[in-house]
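Presented below is the structure to which this report refers.
Laboratory data are not the source of any read-out in this text; all were calculated from the coordinates shown. What you see is a predicted model, and the numbers here were worked out from it, not measured in a lab. Reconstructed Cβ throughout: ideal geometry from the backbone, glycine too, with neighbour counts over all protein chains shown.
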Amino acid sequence: MLKVTEIRKTFGETIAVDSLSFENPPGEIFGLLGPNGAGKSTTIRMIMNIIAPDSGTIHFQGSPITEDDKNRIGYLPEERGLYGKVTVHDMLVYLAALKGTSKEDAEQAMSPWLERFELSAWRDKKIEELSKGMAQKIQLISAVIHDPEFVFLDEPFSGLDPVSTDVLREAVVDLNRGGKTVFFSTHNMDQAERVCHSILIMNKGNAVIQGSVADVKSRYGKRSVAVEFDGDASFLRGHPAVNRSIEFPRWVELELADGHEPDEVLAALAGRVKVRRFEVLAPSLHKIFVDELGGAKDA
């Protein structure tokens, strides 16, 4: 369990993080979200005890994080830290050793990861020979090669092409399925929505929205219904369950009015048009963020 209580950090006159509190329960994927400059990386650095908060407390498994605890934690920093002149094998063995893992155990652990990422042939190549996507995968391996209980990932998908992003996202999900608790930061709402159990959206150092993904969507999103049909559905404009509609000749998207359910719309359609598709649309985290914060970014 990670518990952060009222942490605050300033740099001169700038408030980077202001009275931030949240919990990351064991076994969950928790997303720290927000635009660039929101305070995400500063928060992770405080959790990792790289910098100290000006006030507030951070507890890992009920106590402040110690150096020994860090051997139970995997950390992928925003600033990547691989040495270009070193081979992939030697880099991973070295970084595993810093976490108390023997060379033999590191070599055994790295092989399935290299195979998974199709990097086995690059095992004895120098880091400087890798593409950015390859290096990012090696960096992720270095964060988990010592079999940590808790994994911190700071902007793990930043700058990656869609294929590499999908591969790393699947790896994060599999880590969680294997029992790891995962905490990652990102400014990409779509990525977080696909993998997170719970989220906290930050802006200008403050917590703005937090909770489970389902709860956030329920609290902040307007439910919509998409209908594909044959016939004339214009009568739905005046239906009490419909707050707003976007209409096309054979398709309509309806924003539901407060207190009304999709079933009311479906019942109204019965017998009047031929329904080919009826889908309840949950609002995206991206839409919620834009609606609630106006897409504001920290300077």
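In table form, for the structure just shown:
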quantity	calculated
Antiparallel bridges, percent of DSSP beta bridges restricted to the chain (to nearest 5)	70
The chain: most fluctuating residue of Ile145, Ile15, Ile73 per GNM, C-alpha cutoff 10 Å	Ile15
Residues with amide H under 5 Å from that of Asn243, placed H, sequence gap 5 or more	Glu255, Leu256, Ala257
Identified option (computed Cα extents along the principal axes in Å; candidates (1) 74, 61, 39; (2) 71, 47, 33; (3) 74, 44, 32)	(2)
Among Lys180, Lys132, Lys204, residue whose mean-square fluctuation peaks in a GNM of the chain (springs only between Cα atoms under 10 Å)	Lys132
Fully extended contour minus Cα-Cα distance, from Glu255 to Glu79, at 0.36 nm per residue	59.1 nm
Gained length - Lys274 relative to Glu247, 0.36 nm times residue gap less alpha-carbon distance	8.1 nm
Whether the range 77-158 is rounded, prolate or oblate, judged on the alpha carbon gyration tensor where a/c under 1.5 counts as rounded	rounded
Student exercise, the range 68-147 dipole from Lys, Arg, Asp, Glu Cβ charges, in Debye to nearest 20	180
Filtered trypsin sites (Lys or Arg not before Pro), the range 61-97: DSSP coil and at most 12 other beta carbons within 10 Å	Lys85
Cut-off under 5 Å, modelled amide H: who pairs with Asp54 long-range	Arg8, Lys9, Thr10
Förster-model FRET efficiency, 30 Å R0, Leu281 and Asn36, C-beta, rounded to 0.05	0.60
³J(HN,Hα), Karplus 6.51/-1.76/1.60, whole Hz, each residue of the range 112-122, x for Gly, Pro	x, 5, 4, 5, 4, 8, 6, 10, 4, 6, 9
Radius of gyration and maximum dimension Dmax of the range 40-192, Cα, Å	15.3, 48
Residues with amide H under 5 Å from that of Glu28, placed H, sequence gap 5 or more	Val182
Relative contact order of the range 139-186, pairs being alpha-carbon contacts under 8 Å that are 6 or more residues apart, as %	53
Cross-link reach list, lysines versus Lys99, counting only Cα pairs under 18 Å and skipping chain neighbours closer than eight places	Lys70, Lys180
Within the chain: Cβ-based charge dipole about Cα centre, in debye rounded to nearest 20 (Lys, Arg +1; Asp, Glu -1)	280
Global form of the range 118-170, assessed from the alpha-carbon gyration tensor, a/c cut-off 1.5	oblate
Over the chain: helical MRE at 222 nm, DSSP H runs n ≥ 4 each giving -39500 (n - 2.57), nearest 500	-9500 deg cm²/dmol
For the range 227-238, Karplus couplings with θ = phi - 60° (6.51, -1.76, 1.60), whole Hz, Gly/Pro x	10, 10, 8, 10, x, 10, 9, 4, 5, 5, 4, x
Calculated from backbone phi, Karplus (6.51, -1.76, 1.60) coupling profile of the range 178-186 in Hz, x at Gly/Pro	x, x, 7, 8, 10, 10, 9, 9, 6
